[in-house]
Structures are given as C-alpha cells and as structure tokens.
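*Asks:* Please find one structure pasted underneath; my questions will follow.
The values are calculated or read from the model by the stated rules, or taken from the named source; none is laboratory data. If you're wondering where the values come from, they're calculated on a predicted model, not measured in any experiment. Because the Cβ atoms are built from the backbone with ideal geometry, glycine has one as well, and the counts that use them run over all protein chains shown. Protein only, heavy atoms only, side chains kept; ligands, DNA and RNA dropped before computing areas. Shrake-Rupley method; radii C 1.70, N 1.55, O 1.52, S 1.80 Å.
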Amino acid sequence: MTLRTAAFAAALLALGPATAHAQARNTFSAPTGELGANLSTDPTQISRMHGELSFYTGSQGNVTGNALVLQVGGGVKVTRNLEIAGGVTGHGFIQSQNGVTTDRFAFGNLLLGVNYVRAINPQFRFKVGGFLGFGPWNYQNNQSTTEGFVQNITGLATHAFQDLWYHTPNLVHLVVPARLEYDVTSSFVLTGDAQADLGIGLGNSSTGFLFIFAPGAAYWASDSFSLGLRLPLQFQSFGGDGTQVSLEPYARFELGETGFLSTRFTLNLDDPYGFSFDTGKVWGLHVALGGHF
C-alpha cells in the first residue's frame, strides 16, 4: 500500500462515522410533534402520533389560576413526501380563591391539512404545510362562550401567540407552517420555524394576520439526547402590541428508534405577555411525547 493510498483510507475512516450519523438523522430535530419531532423523511415511515401537555400557574392577590392545555395530533403519509395531518386541543382552567376551587374545561379547535416533507440531501431537510383551523362551537351569538373564554386564556397563557389557530374560537384560520433544518456538523443543527396565519373573523370579530419566525439551533450530545433553543419573533394585527419576542430552551430524549420525549419552556421577553415573571405576565411549561410508525 502506498503512502497516498494509506492516507486516503485513513481519511475515509475518519469521515465515515460523521457522515453515517448525518445520513442516519432522517427525523427533524424539533421539540414537538407539531414542529416535526416525529416526522421522518424516511419513505418507510407511514404514520405518526404525538401529544403535548402545557401548564401555567399565576397568582394575583388571593386568586390563583392554573392553565392546562392538551394538544394531540398525528398524520398519515399518502405518498413518499405528502402527509395528511391534523390535531385537536383540550383546555382546562382551575381557579382558587379564599379556599374555594372552581374549574372549567373546553374542547378546542380542530386543525386539518397537509404537510410536504423532503430531504434535499443528508444535511438539509424541510417541511411546509397548508392547514385549516376552526372551532365555532365555542362561539355563539357573536361572542365567545364560557368554554371559548377558557380556551382562549389558557392557550395564550401557555403558548403566547404560537399555534394561535388552536386557541381562538372566534376565528377560522388559514395556516402555512414551515420548518427548515441544516446539519452544520453531525451534532450541531441550525433550525428555522415559520408560521403564517390568516384569521378570518366570525360574526363581529375582526380578521387579522399573524406571522412568527423562530430561528434556533439544536445540539445532539449523543444519538439519543439533544438540547435546543428557539427564538420566536411574533408579529400580529389582532390588536394591542403588534410584536413580541420569546425564548424557548428545550431538551429532547429519543425513545428507541421511533419515539421521543421532550420538555420546553416558553419565556416571554416583552409585552404583551412578558417579561414572564413580572406581575400579570405569563410563561408556559410543556412536555411532549410522540412516535412514528
């Protein structure tokens, strides 16, 4: 073996594991199924299911409120790159005042549509969708019902403006969500999420527009564990302060070859929902679980 041949073989051995790792990652490095954590570019994946439980608690005077949101979704691929997908939410609000506890629960909006998912090469993948979100059963006589009020306040308290189509009963939403990922190395991934949402008002509600762009990054400390960070930048025309910035650190664990478990924290940095730990402001703690088949 010549010196040149030996050097070339050594280079292949050195690059082999990193290249194999990059090629093996065919799922998105996301913290939730909604963003694509269990969506695979592998053509053998046919279906997926996922859920996320979100929580917020806060007090003012002698009143304590606890918000809970359960978001469940899934999808089925009808072609190699096209997925029919959807989701639904349930909302709960528990309030304690002077030793008396009351609770209210609501069935939230439905989301139905499609995702197009594709890997351009082993390092670059993306998904883009088109969805319809609606929940008019919590909106009657040109106003939200009690369930609609619970749906709205718990969704905004835990998610701010993110995934708004699940939390507003007075709007029909036309949604285009997208996610891009690029593997800089076998361990470090640059990410970007976008949510474009046209909310068409029901009754006397105003039509508005929401756009969220969330640059981020994920670091895979091992094949089964990653840490990530997202920076959602939110622009909306539904009234009040039209912009807001949030910060979302997260951790994700792989469960076998097809499942994931993750936790993330939504920290609102400015008005209208931040700074999160100021009086009257909100934050969100989330735990997500899912898998593909």
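*Asks:* Which residues in segment 251-266 place their backbone N less than 16 Å from a point set 7 Å from the Cα of Phe293 along the Cα-to-Cβ direction?
*Replies:* 257-260
*Asks:* Sequence-distant or interchain residues sharing an amide H contact under 5 Å with Ala217, placed H: which?
*Replies:* Residues meeting the amide H criterion: Thr191, Leu229.
*Asks:* Can you tell me what percent of all Cα-Cα pairs in segment 220-293 are more than 19 Å apart?
*Replies:* Beyond 19 Å sits 47 percent of the P(r) for segment 220-293.
*Asks:* Sticking with this structure for a sec: Please work out the FRET efficiency for the pair Thr243 and Ser59, using the Cβ-Cβ distance as r and a Förster radius of 22 Å; give the result to the nearest 0.05.
*Replies:* According to the calculation, E is roughly 0.20.
*Asks:* Going by Cα centres, segment 28-52 and segment 71-131 are how many Å apart?
*Replies:* After rounding, the separation between the Cα centres reads 11 Å.
*Asks:* Going by Cα centres, segment 255-293 and segment 141-175 are how many Å apart?
*Replies:* So the two Cα centres are separated by 18 Å.
*Asks:* Computing the accessible area with a 1.4 Å probe over protein heavy atoms, can you report the carbon and sulfur percentage for the chain?
*Replies:* That fraction is 66 percent.
*Asks:* When the expected Rg is taken as 2.2 N^0.38 Å, what fraction or multiple of it is the alpha-carbon Rg of the chain?
*Replies:* The chain yields a ratio of 1.11.
*Asks:* For n ≥ 4 DSSP H runs only, could you compute -39500 (n - 2.57) per run for the chain, divide by its residues and tell me the 222 nm figure to the nearest 500?
*Replies:* -4000 deg cm²/dmol
*Asks:* Next question. Taking the Cβ of Phe124 as the center, what net charge do the other residues with Cβ under 14 Å away carry, scoring Lys and Arg +1 and Asp and Glu -1?
*Replies:* Within the 14 Å Cβ shell, the charges total +3.
*Asks:* Can you bin every Cα-Cα distance in segment 142-289 into 5 Å intervals starting at zero and give me the percent of pairs per bin, rounded to whole numbers?
*Replies:* Bins of 5 Å from zero give 2, 9, 15, 20, 19, 15, 10, 6, 3, 1, 0 percent of pairs.
*Asks:* Can you find, among Asn170, Leu198, Ala119, the residue sitting farthest towards the positive end of the charge dipole of the chain, where Lys and Arg contribute +1 and Asp and Glu -1 at Cβ?
*Replies:* Comparing the listed Cα positions along the dipole, Ala119 ranks first.
*Asks:* Where does segment 83-158 land on Rg(C-alpha)/(2.2 N^0.38 Å)?
*Replies:* Output field value: 1.58.
*Asks:* Counting Lys and Arg as +1 and Asp and Glu as -1, each charge on the Cβ, what is the dipole of the chain about the Cα centre in debye, to the nearest 20?
*Replies:* 660 debye
*Asks:* Cα axis of helix 3-24 to longest principal axis of the chain: angle in degrees, 0 to 90, nearest 10?
*Replies:* 20 degrees
*Asks:* List every residue whose amide H lies under 5 Å from the amide H of Ala30, counting only residues 5 or more places away in sequence or on a different chain, with H placed 1.01 Å from N in the peptide plane.
*Replies:* Result for Ala30 returns Ala37.
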